[in-house]
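Bear in mind these aren't lab numbers, they're just calculated from the coordinates by the rules spelled out. Note that this is a predicted model, so its numbers are computed, not measured. Glycine also receives a Cβ, built like all others from the backbone with ideal geometry; neighbour counts cover every protein chain displayed.
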């Protein structure tokens, strides 16, 4: 009788253990990178399509920029080298040196310095670096964020729209170790 009771408890314990296990996941992508608009590019879209509401968007951008410019979060340049809070501030202030030629004779050349400060309102996208996995039985996906980069909308000197990734902040410590 005692053996039967022990065997029954063993079966119940094993079935509970099996039912509590995480579903097996398959990695779809170790690294995938994509941009997400946080301000809708089209005013005719529903408000929630490619858009974060103003206060949440401002809070997210403030969190990223303030954390990087204060040194709270370690920032990295686009080549994955660590940069200081001061270097992040320098990225947010872009200086161009141009030589302009007068359109009228005597066509003299003038050197010109243009300073363009990136404002929080210029950050309209966030670039994500993620790892994706899936449960093949249920198609439930997990996305693990490895890093984020704020992206500013810029107009070049010709008036052409450009998107400038400013810096990376990596969230995953194991990923950071792999960078070195």
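The residues of the range 45-63 that are in contact with a helix residue (DSSP H, G or I) (Cβ under 8 Å, 6 or more places away or on another chain) and part of a helix (DSSP H, G or I), listed by number, are 58, 61, 62. Would the range 88-104 turn up any residue that is closer than 22 Å to residue 154 by Cα, in contact with a strand residue (DSSP E or B) (Cβ under 7 Å, 6 or more places away or on another chain) and in a loop (DSSP other than H, G, I, E, B)? Within the range 88-104 (the criterion being closer than 22 Å to residue 154 by Cα, in contact with a strand residue (DSSP E or B) (Cβ under 7 Å, 6 or more places away or on another chain) and in a loop (DSSP other than H, G, I, E, B)), the answer is yes, since at least one residue qualifies. Restricting attention to the range 64-80 and to residues that are touching a residue at least 12 places away in the same chain (Cβ under 8 Å) and part of a helix (DSSP H, G or I), the residue that is farthest from the chain's Cα centre (by Cα) turns out to be 70.
Of the residues making up the range 84-111, those that are out of contact with any helix residue (DSSP H, G or I) (no Cβ under 8 Å at 6 or more places or on another chain) and within 30 Å of residue 177 (Cβ to Cβ) are 84, 86, 87, 90, 91. Take residue 118 and decide whether it is surrounded by 15 or more Cβ atoms within 10 Å (Cβ to Cβ) and within 22 Å of residue 155 (Cα to Cα). Judged against the criteria, residue 118 is a match.
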